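Visitor: Next up is a structure, given as structure tokens.
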Amino acid sequence: MSHIILEIDNVQKSFGGLKALHNLNLQVEEGKVHAIIGPNGAGKSTMLNVCIGRLAPDSGVVTFNGENVLGKQPHEINQAGISRVFQTPEIFPDLSLIQNVMIPAFARREGSFRFNMFSNLCSEKEVMDEASHILHDIGLNEQESDHAGSLSRGDKRRLELAMCLIQHPKLLLLDEPTAGMARHDTNRTIELLKKIKETGMTKVIIEHDMHVVFSVADHISVLAQGTIIASGTPDEIRGNPKVQEAYLGGAHL
Amino acid sequence: MTIPSFKKDMFVMLIFSAVILTMPMWLKPLGAGYPDLLQKFAIFGIFAVGYNILFGLTGYLSFGHAAFLGVGSYTAVWSFKLLTMNVLPAILFSVVLAGIVAAIIGFISLRRSGIYFSILTLAFAQMFYNMAYSVLTPVTNGETGLQLARTDPRIIDNLLSEAGAGLPSPTLFGIHMSGYSGFYFCAVILIIAFFISQRIFHSPFGMKLQAIKSNQTRMKYTGYNTRPYLLSAFVISGMYAGLAGALMAVTDPLAGAERMQWTASGEVVLMTILGGVGTLIGPLLGVTIIKYFENIFSALNEQALLAAYSFMPDWLAKMMVTITSPFVGEGWHLTLGALFVIIVVFLPGGVMEGLGKIKNLFRKRPPDPLAKTLVEGQRQEEKG
Ligand SMILES: Nc1ncnc2c1ncn2[C@@H]1O[C@H](COP(=O)(O)OP(=O)(O)OP(=O)(O)O)[C@@H](O)[C@H]1O
Ligand SMILES: [Mg+2]
């Protein structure tokens, strides 16, 4: 058994009468790509919100690298090594593409606050090169001085992914990174995800597209009605009748 | 949006300094080349440039910056009264004290954002304004305003030389800060202030402030503690306001509470938006336009209007006077309001947006396919 980097232990979260998360337990192994699948409204995004400090659970514990993250500020959790791609792209629409990726690069180098009002952006060659490089990786380098707000939805998602990758997080959380993308873009994202996989970065990926899930995941957990109903390797999940019924409606994978 | 190189920034600074220092010359033909107005341009310029560091970069709309202006003015006059007529200590104390007050007000107000932040800053400024007339009268001298007196202690000055017979005036090592020397002093400080603002705009710190304006949620989940960034911007812009307040006292050594009224806070918002919020030079354009037209319009009266319309038939001139007189003199604010509405509705990016649009008209447009075929067709005709 290798090192568990993220552990969600018996987490509950209700919104009014709705139990969004119910006795949720999840263990993510270091260096693995862990996919979460489940129907709409199952609580997948809520689970990530709890992990990054956006929502406080009613009870339960979330441990990252042996440390309890509950009660920590979002920026502290990010600095500890968790980055997230949101379900609806969260980028800086008024800044240029290159600035969008420079901001997280600075966060990694400078920490949560640095008062450097007299240093010059132009002399930050290393950060700029790193930023150009990652824009190149996602194929957006030619538009690097455009406003990010003018990008298509699919490109915004890829930009956000680049913003997270440039931080070299220990754990990357992806909330439907290919939703709203054309087939061609999806394939490109899969290529990118495979490439990152080689770097050994741990990832939790929420995805509806089974093609994406089965091409990148090492481990799959199925979330339904706020709790994990099955967990295993892709082959185990593919053959699990409970999963087929609850989630896939008996369809063949 | 590209990041300008250091060389280009220095070039801009050079041009900027030249334009500011030659203001007395090029504003003369426009009837605005006299020291009083020039000083106003420079002082309000500093105020607006500093305000823009908060509002332009972070998007946090403060409605209370006049409070820092007032703190700056009172502090400067006290420095004149107690220590010396030299302007440098006065300015130093003003900036520091305004910074401290801004840190306190900012610390509390920045717990909220959006409209609640604006209201909190407004409430603080109004508190200061009211206290100047009540509990703080020993410091502010209430309605009369804080003035110099011949009997002031002026400890440092009196140590160095005998007190003169008349009322002293602020000096910079012997140079009196009235008239043109006052303007040039303010102009040099404006140039320094603008330089600092340019550095902030083009630093990683400034870029992070812009990122906060663009998407604060993303900033937090990208590992930034946004509060100290916002507080720094707030304090810096408060210090700029304190500096402007000090210079008001330097060029005219008295301080009154009306400087802290909410209309003064509103004015700087207006100037910044009118010129172009978030751009480096926009706020200065806003200041120049508003102060210039204020100067012209508020000096007009019915007599002057009648004279201006004298080429018209009598009845028409009278009618025109009736229509236009509410907009001049005391009614200048009506004109300002109308101007503001027009700008915000048609050019939300202010004068800078307008200039950008004009520039685009003259720039070669990307060849649109239809135009290209037309041109080529024409060429072939010419050949044939
Ligand atoms: N902040 C909130 N306030 C109230 N209800 C919420 C909130 N966030 C989520 N919910 C509810 O909790 C349930 C789980 O939502 P969640 O977004 O986690 O689902 P999901 O699995 O991510 O679904 P999808 O696949 O559609 O993204 C839903 O019924 C949703 O309406
Ligand atoms: Mg979701």
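The values are calculated or read from the model by the stated rules, or taken from the named source; none is laboratory data. As the structure is a prediction and not an experimental result, all values here were calculated from the model. Glycine gets a Cβ as well: all are built from the backbone with ideal geometry, and neighbour counts include every protein chain shown. Ligands, DNA and RNA are excluded from the accessible area calculation, which covers all protein heavy atoms including side chains. Shrake-Rupley method; radii C 1.70, N 1.55, O 1.52, S 1.80 Å.
Visitor: Counting just the residues of region A:28-46 that are away from ligand 1 (no atom under 12 Å from the Cβ) and not in a strand (DSSP E or B), which one comes out nearest to the other protein chains (Cβ to nearest Cβ)?
Guide: A:GLU30
Visitor: Separate question: For A:THR227, indicate whether it is in contact with a helix residue (DSSP H, G or I) (Cβ under 8 Å, 6 or more places away or on another chain), within 16 Å of ligand 1 (Cβ to nearest atom), of a type in the set (S, T, N, Q) and away from chain B (no Cβ under 14 Å).
Guide: Against the criterion (in contact with a helix residue (DSSP H, G or I) (Cβ under 8 Å, 6 or more places away or on another chain), within 16 Å of ligand 1 (Cβ to nearest atom), of a type in the set (S, T, N, Q) and away from chain B (no Cβ under 14 Å)), A:THR227 does not qualify.
Visitor: Can you find even one residue in region B:193-205 that is assigned by TED's automatic domain parsing to the domain that holds B:THR75, among the charged types (D, E, K, R) and more than 30 Å from A:ALA148 (Cα to Cα)?
Guide: no
Visitor: Please verify whether B:PHE185 is modelled with pLDDT of 85 or more, more than 14 Å from every other protein chain (Cβ to nearest Cβ), under 28 Å from B:TYR240 (Cβ atoms) and open to solvent by 20 Å² or more (accessible area, probe 1.4 Å), treating the condition exactly as stated.
Guide: Judged against the criteria, B:PHE185 is a match.
Visitor: Which one of these does B:SER310 not meet: (1) open to solvent by 60 Å² or more (accessible area, probe 1.4 Å); (2) touching a residue at least 12 places away in the same chain (Cβ under 8 Å)?
Guide: So the condition that B:SER310 fails would be (2).
Visitor: Of the residues that sit in region B:1-55 and are touching a helix residue (DSSP H, G or I) at 6+ places or on another chain (Cβ under 7 Å) and among the hydroxyl-bearing types (Ser, Thr, Tyr), which one is farthest from the other protein chains (Cβ to nearest Cβ)?
Guide: B:SER17
Visitor: Further, regarding this structure: Filter region A:80-114 down to the residues that are within 7 Å of chain B (Cβ to nearest Cβ) and touching a Ser or Thr at 6+ places or on another chain (Cβ under 8 Å) and list them by number.
Guide: Within region A:80-114, A:GLU90, A:PHE92, A:PRO93, A:ASP94, A:LEU95, A:SER96, A:ILE103, A:PRO104, A:ALA107 meet the criteria.
Visitor: If a residue must be in contact with a Leu (Cβ under 7 Å, 6 or more places away or on another chain) and of a type in the set (Val, Ile, Thr), how many such residues does region A:223-242 contain?
Guide: Count: 2.
Visitor: Going through B:PHE234, B:PHE173, B:PHE201 one at a time, which residue ends up being closer than 27 Å to B:THR279 by Cβ, of a type in the set (Phe, Trp, Tyr) and out of contact with any helix residue (DSSP H, G or I) (no Cβ under 6 Å at 6 or more places or on another chain)?
Guide: B:PHE201
Visitor: Looking at B:GLY166, B:GLY145, B:GLY223 in this structure, which one is more than 14 Å from every other protein chain (Cβ to nearest Cβ) and free of Cβ contacts under 8 Å to residues at least 60 places away in the same chain?
Guide: It is B:GLY166.
Visitor: Is it the case that B:GLN198 is more than 10 Å from chain A (Cβ to nearest Cβ) and under 30 Å from A:ILE166 (Cβ atoms)?
Guide: For B:GLN198, the condition - more than 10 Å from chain A (Cβ to nearest Cβ) and under 30 Å from A:ILE166 (Cβ atoms) - is met.
Visitor: Might you let me know whether region A:47-63 holds any residue that is in contact (Cβ under 8 Å) with a residue 60 or more places away in the chain and away from chain B (no Cβ under 14 Å)?
Guide: Looking for residues that are in contact (Cβ under 8 Å) with a residue 60 or more places away in the chain and away from chain B (no Cβ under 14 Å), one finds at least one in region A:47-63, hence yes.
Visitor: Then there is this: Cβ-Cβ distance below 6 Å, separation of 6 or more or different chains: which pairs start in region B:330-348 with a residue that is within 14 Å of B:ALA299 (Cα to Cα) and end on one that is among the aromatic types (Phe, Trp, Tyr) and open to solvent by 50 Å² or more (accessible area, probe 1.4 Å)?
Guide: B:TRP332/B:PHE297; B:THR335/B:PHE297; B:THR335/B:PHE327
Visitor: On to the next question. Can you find a residue in region A:32-44 that is touching a Leu at 6+ places or on another chain (Cβ under 7 Å), more than 14 Å from ligand 2 (Cβ to nearest atom) and assigned by TED's automatic domain parsing to the domain that holds A:THR178?
Guide: Checked against the condition, which is being touching a Leu at 6+ places or on another chain (Cβ under 7 Å), more than 14 Å from ligand 2 (Cβ to nearest atom) and assigned by TED's automatic domain parsing to the domain that holds A:THR178, region A:32-44 yields no hits at all.
Visitor: With the structure loaded, tell me whether B:THR171 is in contact (Cβ under 8 Å) with a residue 60 or more places away in the chain and out of contact with any His (no Cβ under 6 Å at 6 or more places or on another chain) or whether it fails that test.
Guide: Spelling it out, B:THR171 is indeed in contact (Cβ under 8 Å) with a residue 60 or more places away in the chain and out of contact with any His (no Cβ under 6 Å at 6 or more places or on another chain).
Visitor: Also: Output the residues belonging to region A:148-189 that are in a loop (DSSP other than H, G, I, E, B), surrounded by fewer than 22 Cβ atoms within 10 Å (Cβ to Cβ) and away from every other protein chain (no Cβ under 13 Å).
Guide: Selection gives A:LEU151, A:SER152, A:GLU176, A:ALA179, A:GLY180, A:MET181, A:ALA182.
Visitor: If we only count helices (runs of 4 or more DSSP H) wholly inside region A:51-147, which ones have 1 or more residues that are of a type outside the set (D, E, K, R) and open to solvent by 50 Å² or more (accessible area, probe 1.4 Å)?
Guide: A:74-80, A:125-137
Visitor: Sticking with this one: Scanning for something without any contact (Cβ under 8 Å) to a residue 40 or more places away in the chain, over 30 Å from A:GLY139 (Cα atoms) and surrounded by 16 or more Cβ atoms within 10 Å (Cβ to Cβ), does region A:22-38 turn up at least one residue?
Guide: Yes, region A:22-38 contains at least one residue that is without any contact (Cβ under 8 Å) to a residue 40 or more places away in the chain, over 30 Å from A:GLY139 (Cα atoms) and surrounded by 16 or more Cβ atoms within 10 Å (Cβ to Cβ).
Visitor: Scan region A:60-78 and tell me whether some residue there is charged (D, E, K, R) and either touching a helix residue (DSSP H, G or I) at 6+ places or on another chain (Cβ under 6 Å) or within 16 Å of ligand 2 (Cβ to nearest atom) (or both).
Guide: No, region A:60-78 contains no residue that is charged (D, E, K, R) and either touching a helix residue (DSSP H, G or I) at 6+ places or on another chain (Cβ under 6 Å) or within 16 Å of ligand 2 (Cβ to nearest atom) (or both).
Visitor: Here is a further query. Of all helices (runs of 4 or more DSSP H) completely enclosed by region B:14-121, which ones contain at least 3 residues that are of a type in the set (A, V, I, L, M)?
Guide: By residue number, B:35-58, B:66-82, B:87-109.
Visitor: Right, another one. Just need a number here: residues in region B:322-350 that are of a type outside the set (Val, Ile, Thr) and not in a helix (DSSP H, G or I).
Guide: Number of matching residues: 3.
Visitor: Among the residues of region B:280-298, count how many are in a helix (DSSP H, G or I) and over 12 Å from B:ALA32 (Cβ atoms).
Guide: Residues that pass the stated criteria total 9.
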